[in-house]
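Okay, so here's the structure we're looking at.
The values are calculated or read from the model by the stated rules, or taken from the named source; none is laboratory data. From a predicted model like this one, the values you see are computed outputs, not experimental measurements. Heads up, the Cβs are rebuilt from the backbone with ideal geometry, glycines too, and the neighbour counts pull from every protein chain shown. Accessible surface is based on the protein model in full, side chains and every heavy atom, while ligands, DNA and RNA are left aside. Shrake-Rupley method; radii C 1.70, N 1.55, O 1.52, S 1.80 Å.
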Amino acid sequence: MGKFIFYTIYFMLPTLCFSQVVKLGEDFVDVPVIEGKVTFLKEIPSKKDISADANYRILKEWAIINYGKDPFISSVRHDTKNNEFIAKSRIELLLPANSKGIREKMVMRYRINGFLFQDKCVLEVTDISYLYENKANDKLLPRVIRAEDFITDSAVELNDNIREFRINTRKSTLYYLNEVSKDFEGKFGY
């Protein structure tokens, strides 16, 4: 009986881990946590009529356009051997208006990886953290906040004085990642 349970869990785990993958034309609507980290995965079919090297060139070009222009905002590294890129970047998010009508800003730092896997092009966004600049030197939030502590389901369910701030940060994060996702799909002609 113990072996049966072990094998059931062993074969179901990959399905559970990859059930967080967003496919072509779909938006990110949830904040998935995989192995303790907020990780967004987007998977689209690679172009069938061209080689893997040509698909990688499209992927690499997209990375250079989006992450290779301004070294003060982002950096990108390419691995031609493994057909992947790794970029680190940051963006200033403008949050939705809160209950007082104020639109806060939050700087989001993240790592984005793009790679070819079998017949798919995969985009992975992880290592997300936020920088909050306190305007009035109030210590409402720490200066650096990890996504795992701030935008996950369990974090936004907390009912405290910064719940609305967490919800708005989550909304802006999802909006931004969906825009990146659409741009990524567009580069491949979808």
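Residue pairs whose Cβ atoms lie under 6 Å apart, separated by 6 or more positions or on different chains, with the first residue in region 82-110 and acidic (D, E) and the second open to solvent by less than 80 Å² (accessible area, probe 1.4 Å), are E84/F115; E92/V107; E104/L95. Annotation note: of K88, K105, K60, the sole residue that is at pLDDT 95 or above and over 20 Å from K182 (Cβ atoms) is K88. Scanning region 175-190 for residues that are closer than 26 Å to S99 by Cβ and buried (at least 17 other Cβ atoms within 10 Å of the Cβ) yields Y176, L177, N178.
Taking region 31-54, which residues are polar (S, T, N, Q) and touching a strand residue (DSSP E or B) at 6+ places or on another chain (Cβ under 7 Å)? Give the derivation first.
Taking region 31-54 first, the residues polar (S, T, N, Q) are 39, 46, 51.
If the condition is that a residue be polar (S, T, N, Q) and touching a strand residue (DSSP E or B) at 6+ places or on another chain (Cβ under 7 Å), then T39, S46 are the ones that fit.
Just one residue in the set E26, E43 is assigned to a strand (DSSP E or B), out of contact with any helix residue (DSSP H, G or I) (no Cβ under 7 Å at 6 or more places or on another chain) and surrounded by 12 or more Cβ atoms within 10 Å (Cβ to Cβ); that residue is E43. Residues in region 29-40 that are more than 20 Å from D127 (Cβ to Cβ) and open to solvent by less than 20 Å² (accessible area, probe 1.4 Å): there are none.
Out of the residues in region 49-71 that are among the β-branched types (V, I, T) and in a helix (DSSP H, G or I), state the one that is surrounded by the fewest Cβ atoms within 10 Å (Cβ to Cβ). Even if it seems obvious, please write down each step before you answer.
Here is the first cut: in region 49-71, the ones among the β-branched types (V, I, T) are 50, 58, 64-65.
When the remaining residues are screened for being in a helix (DSSP H, G or I), the result is 58, 64-65.
Numbers: I58: 18, I64: 14, I65: 12.
Per the stated criteria, the residue is I65.
Please enumerate the residues belonging to region 148-163 that are part of a helix (DSSP H, G or I) and touching a residue at least 40 places away in the same chain (Cβ under 8 Å). Scanning region 148-163 gives E148, D153. Listed by position, the strands (runs of 3 or more DSSP E) inside region 79-147 whose residues that are open to solvent by 80 Å² or more (accessible area, probe 1.4 Å) number at least 1 are 84-94, 105-117, 144-146.
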